[in-house]
Amino acid sequence: MFPYELDSIGIYRLASLKRNFWSVSSAGFVQEDFVAEMQAVISKKDALIPSYQSCSEYWLLIVSEGNSASTFFRPSRETLDHQYRSVFQRIFFLEAFTKKVSELKVLSLQIPTAHTASVLDKGP
């Protein structure tokens, strides 16, 4: 449809406008390879697990809204195939703009206790 460098174009017809009006409301790079960024988001959520209600399983949904330049994500095969380390049993990535959901591969870690979570928050 579009060349690789062009992701989308929006055209709106507004009855209140009497002349053509062109605007670039937002622009940015579509991120494709973001394994490190994804792992950072997952790790940040992992640290919150001890504050959650006790459950037999924990699932995580990461949403890329795609409504502004900072949220343009289209995961590469490498990003989707990477095995992320997490205490969540299942992790899903939702591209809200395209309505596409991908389940990420997870290497399960032990759920941290309140003590280990506070150590993780403080860092080394």
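Since every read-out is calculated from the coordinates, none of them should be taken as a lab result. All of these numbers come straight from a predicted model, not from anything done at the bench. Ideal geometry is used to build each Cβ from the backbone, glycine not excepted, and the neighbour counts take in all protein chains shown.
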What full-extension length gain, to one decimal in nm, is calculated for Val41 and Ser76 as 0.36 nm per residue of separation minus the Cα-Cα distance? 10.9 nm
Ranked highest first by the average count of other Cβ atoms within 10 Å around their residues, in what order do 47-57, 81-91 fall? 81-91, 47-57
FRET efficiency for Leu61 and Gln83, using Cβ-Cβ distance with R0 set to 22 Å, rounded to 0.05: 0.75
Please give, to one decimal in nm, the separation of the simple spin-label points placed at Ser108 and Trp22, each 7 Å out from Cα toward the Cβ. 5.6 nm
Report the extension gain between Gln31 and Arg13 in nm, rounded to one decimal, defined as 0.36 nm multiplied by the number of residues separating them, less their alpha carbon distance. 3.5 nm
